[in-house]
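> Take this structure, written in structure tokens, and hold onto it; I'll ask about it next.
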Ligand code: ADP
């Protein structure tokens, strides 16, 4: 991929998108549409169907019918595997188009998007395609006069609600295992990043997925997302997004059919640097990348930097240096490190967090401002705030933007206490040359993922899921499959 290929795609008109229901492209039942703004320049990129309650109900009915007649679940595993493998191949063949479309929609820098979006989505789909005929039922250790079989059955209709930061990657984390296990799916992409995911869903049908097995409805979370949450005909809801919406989804479930709800929510992940880190320069560079890439818009972002007091000043200086070398701007340039913030609303919220941090005694040592406003787009300087206290807003609340809070600590115990002093528990990192300390920190910091002498970058072989208010259930790895199956016992008297 080179810059000229990207430039050839950046101004191509984007045709309006419709829902994908029962294999057909259909508009909203009342004809309503939603404009899609590009965060690159704030201009209208295209429009999507603004889904109605009726649209979502039709999509769910279509998924239900597809599940009941077994047009997908009833196919031999090898046939399902072929379709999913073909889908992964089509995603790869269309990788650049998908990545550029996604970047024009959500603002992620293209260098990251090309890997993290179509690249990772194709790998995920392939992983579950390869796994699906290697998953066996079980025979229980019963007395000899009975046979106890444990079948793994698809659950039925899966509702997937996805966020705007990495639509393809996170979409594939849900769609891959759900479809591999024979479920039907209704997908609800995020309002501000639906285009590339809608295109990826179309490719599944081109790969041979039967109509109705994967349906996708665009529109507002409060309308179509709520309808999905309250549906009596959705069996499992899988979600990545904010805690507020996650809470609502659990309420919807309780008020309707008690559908299973799996949530991957936010984090306030601590990146903890001890003075004995093997390479402080590398730690500083990775700490900056670990919060600022994609403008800090990733759930595992290392948004709290905890630094041992003896190296605090020199380490912060290195992080500032690494940050100042990151180029912010046009996300469609390959040499851009930090693209656009997804929406103006998000940008203003980020700035608000910086103002609060200052009011609460934090020192802004780098950034803190909106920039490149003349482009019409939504850009923000990566921002570093030191002297952030344990009870400060910047410690306790997820920004989901390019804002790093720094706090110093004296001892390992204090580092653990600070690390665990939020309601979240998604990810964390520790930098140390002391093997025992590294293992102690992995045990003692309450998160779903701990990185040691690195930050981020885990692949699809390991689970990602939070504890506490960061959610429940895992994406990725074979463990994710548990969300998309029911265990059924057959107790057979011999
Ligand atoms: P953010 O505030 O970062 O946009 P959200 O949790 O609101 O995060 O969005 C994540 C996903 O949840 C999006 O697809 C959005 O449309 C959806 N969503 C938002 N509100 C609701 C709701 N009330 N019910 C169901 N889905 C919702």
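The values are calculated or read from the model by the stated rules, or taken from the named source; none is laboratory data. Keep in mind it's a predicted model, so treat the numbers as computed, not measured. Every residue, glycine among them, receives a Cβ derived from its backbone with ideal geometry; neighbour counts consider all protein chains shown.
> Taking helices (runs of 4 or more DSSP H) that do not extend beyond the stretch 108-182, which have at least 3 residues that are away from the ligand (no atom under 16 Å from the Cβ), without any contact (Cβ under 8 Å) to a residue 60 or more places away in the chain and surrounded by fewer than 24 Cβ atoms within 10 Å (Cβ to Cβ)? Steps first, please.
Working: elements: 110-114, 120-131, 167-180.
Where helices (runs of 4 or more DSSP H) fall fully within the stretch 108-182 and carry at least 3 residues being away from the ligand (no atom under 16 Å from the Cβ), without any contact (Cβ under 8 Å) to a residue 60 or more places away in the chain and surrounded by fewer than 24 Cβ atoms within 10 Å (Cβ to Cβ), they are 120-131.
> In addition: Only one of 405, 362, 376 is in contact (Cβ under 8 Å) with a residue 24 or more places away in the chain, surrounded by fewer than 15 Cβ atoms within 10 Å (Cβ to Cβ) and either touching a helix residue (DSSP H, G or I) at 6+ places or on another chain (Cβ under 9 Å) or not assigned by TED's automatic domain parsing to the domain that holds residue 165 (or both). Can you tell me which? Talk me through it step by step, then tell me what you get.
Values: 405 fails: surrounded by fewer than 15 Cβ atoms within 10 Å (Cβ to Cβ); 362 fails: surrounded by fewer than 15 Cβ atoms within 10 Å (Cβ to Cβ).
Step by step, each of 405, 362, 376 is checked, and only 376 is in contact (Cβ under 8 Å) with a residue 24 or more places away in the chain, surrounded by fewer than 15 Cβ atoms within 10 Å (Cβ to Cβ) and either touching a helix residue (DSSP H, G or I) at 6+ places or on another chain (Cβ under 9 Å) or not assigned by TED's automatic domain parsing to the domain that holds residue 165 (or both).
> Okay, next question. Would you check which residues across the stretch 191-215 are within 14 Å of the ligand (Cβ to nearest atom), buried (at least 24 other Cβ atoms within 10 Å of the Cβ) and outside any helix (DSSP H, G or I) and list them?
Matches in the stretch 191-215: 193, 194.
> Here is a follow-up. Across the stretch 317-337, what is the total count of residues that are closer than 24 Å to residue 407 by Cα, in contact with a helix residue (DSSP H, G or I) (Cβ under 8 Å, 6 or more places away or on another chain) and surrounded by 16 or more Cβ atoms within 10 Å (Cβ to Cβ)? Before the answer, list the steps.
Of the residues in the stretch 317-337, the ones closer than 24 Å to residue 407 by Cα are 317-326.
With in contact with a helix residue (DSSP H, G or I) (Cβ under 8 Å, 6 or more places away or on another chain) added as a condition, the list becomes 318-319, 321-323, 326.
Those left that are additionally surrounded by 16 or more Cβ atoms within 10 Å (Cβ to Cβ): 318-319, 322-323, 326.
Residues that pass the stated criteria total 5.
> Next up: Quick check, is residue 300 under 20 Å from the mean Cα position of the chain (by Cα), outside the structural domain of residue 417 (by TED's automatic domain parsing) and more than 10 Å from the ligand (Cβ to nearest atom)?
Values: under 20 Å from the mean Cα position of the chain (by Cα): yes; outside the structural domain of residue 417 (by TED's automatic domain parsing): no; more than 10 Å from the ligand (Cβ to nearest atom): yes.
So residue 300 does not fit the description; no.
> Of all residues in the stretch 52-73, how many are without any contact (Cβ under 8 Å) to a residue 40 or more places away in the chain and either part of a loop (DSSP other than H, G, I, E, B) or not assigned by TED's automatic domain parsing to the domain that holds residue 21 (or both)?
Looking only at that region, the number is 2.
> Having 1 or more residues that are at pLDDT 95 or above and touching a helix residue (DSSP H, G or I) at 6+ places or on another chain (Cβ under 7 Å) is the bar; report the strands (runs of 3 or more DSSP E) wholly within the stretch 1-51 that clear it. Before the answer, list the steps.
On the way: elements: 19-21, 24-26, 33-37, 44-49.
Filter on the stretch 1-51 gives 19-21, 33-37, 44-49.
> Filter the stretch 338-359 for residues that are away from the ligand (no atom under 16 Å from the Cβ) and under 20 Å from residue 109 (Cα atoms); which is surrounded by the fewest Cβ atoms within 10 Å (Cβ to Cβ)?
This residue is 338.
> Something else now. Confirm whether residue 102 is assigned to a helix (DSSP H, G or I) and over 12 Å from residue 217 (Cβ atoms). Let's see the steps before the verdict.
Working: assigned to a helix (DSSP H, G or I): yes; over 12 Å from residue 217 (Cβ atoms): yes.
Here the answer is yes, as residue 102 does meet what is asked.
> Please find, among 248, 260, the residue that is in contact (Cβ under 8 Å) with a residue 60 or more places away in the chain and outside the structural domain of residue 395 (by TED's automatic domain parsing). Walk me through how you get there before you give the answer.
Numbers: 248 fails: in contact (Cβ under 8 Å) with a residue 60 or more places away in the chain.
That would be 260, the only listed residue that is in contact (Cβ under 8 Å) with a residue 60 or more places away in the chain and outside the structural domain of residue 395 (by TED's automatic domain parsing).
> Does residue 388 qualify as being in contact with a helix residue (DSSP H, G or I) (Cβ under 7 Å, 6 or more places away or on another chain) and under 22 Å from residue 265 (Cβ atoms)? Give the steps one after another, and end with the answer.
Values: in contact with a helix residue (DSSP H, G or I) (Cβ under 7 Å, 6 or more places away or on another chain): yes; under 22 Å from residue 265 (Cβ atoms): yes.
Answer is yes for this residue.
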